[in-house]
Amino acid sequence: NAGVTQTPKFRILKIGQSMTLQCTQDMNHNYMYWYRQDPGMGLKLIYYSVGAGITDKGEVPNGYNVSRSTTEDFPLRLELAAPSQTSVYFCASSYPTDRGVPTDTQYFGPGTRLTVL
Amino acid sequence: EDQVTQSPEALRLQEGESSSLNCSYTVSGLRGLFWYRQDPGKGPEFLFTLYSAGEEKEKERLKATLTKKESFLHITAPKPEDSATYLCAVRGGSQGNLIFGKGTKLSVKP
């Protein structure tokens, strides 16, 4: 298993440009998450999904959009990039327990380092 | 407001010098405290989950403990390969999502 993969690894955007960060997992996990990590700060949850077709906002969703058309993929869309979106973005996934709630082990991808100039 | 505070921000140890990292938390209805390790340029890697005060878990040179207000990550006789940033997170509150601390950057010199 490749686990959680993210592309691209690095990207530089100009203010106002748009892009999609790709995330794929091959572990058949229902739960997927997007976090951002700013220097010296903790990981902040942007969006999460409990399964195909279902997404919900996290702590810092403004300026981002997500979709979940398949179990494997959870892309993050940035519209009208701003310097405040300069960060490292991590995708993660976890599997549900028998009672349908997420287990506590989240598996993280390697991250995408985004700079907006 | 749910909050996680880790201390110290950075810790430098000599190889073999044992120490502890602290994670204090404020959360309504704790549903788990988590420790992750993060190497430079990589995503966090899961280490431990603790659910109730008094619980302890061990993995190689690491031992995590939990009280009602804080958790400690004890590192016994560390090696240079233990150098990393250690992240603490809690699950609680209304949504039950993970709330991360800022991390402790550990450097172990040979």
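Just a few scattered comments:
- Against the list (1) within 12 Å of another protein chain (Cβ to nearest Cβ); (2) closer than 17 Å to B:GLN14 by Cβ; (3) of a type outside the set (A, V, I, L, M, F, W, C), the condition B:ARG91 fails is (2).
- For A:TYR64, the requirement of being within 13 Å of chain B (Cβ to nearest Cβ) and modelled with pLDDT of 95 or more is not met.
- Members of the stretch A:33-61 found to be outside any strand (DSSP E or B), more than 8 Å from chain B (Cβ to nearest Cβ) and farther than 12 Å from A:PHE90 by Cα, listed by number: A:PRO39, A:ALA52, A:GLY53, A:VAL60, A:PRO61
- Per-region count, the stretch A:62-89, residues charged (D, E, K, R) and either over 26 Å from A:ASP26 (Cα atoms) or assigned to a loop (DSSP other than H, G, I, E, B) (or both): 3
Rundown of residues vs (1) of a type in the set (A, V, I, L, M, F, W, C); (2) in a loop (DSSP other than H, G, I, E, B); (3) surrounded by 13 or more Cβ atoms within 10 Å (Cβ to Cβ), yes/no style:
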site: B:LEU30; (1), (2), (3): yes, yes, yes
site: B:GLY43; (1), (2), (3): no, yes, yes
site: B:PHE48; (1), (2), (3): yes, no, yes
site: B:SER52; (1), (2), (3): no, yes, no
site: B:LYS68; (1), (2), (3): no, yes, no
site: B:LEU87; (1), (2), (3): yes, no, yes
site: B:VAL90; (1), (2), (3): yes, no, yes
site: B:LYS105; (1), (2), (3): no, no, yes
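- Selection status of B:LEU21, of a type in the set (A, V, I, L, M), assigned to a strand (DSSP E or B), closer than 19 Å to B:THR65 by Cβ and within 12 Å of the chain's Cα centre (by Cα): yes
The values are calculated or read from the model by the stated rules, or taken from the named source; none is laboratory data. Keep in mind that what you see is a predicted model, and the values were worked out from it rather than measured. Note: ideal-geometry Cβ built from the backbone for every residue, glycine included; neighbour counts use all protein chains shown.
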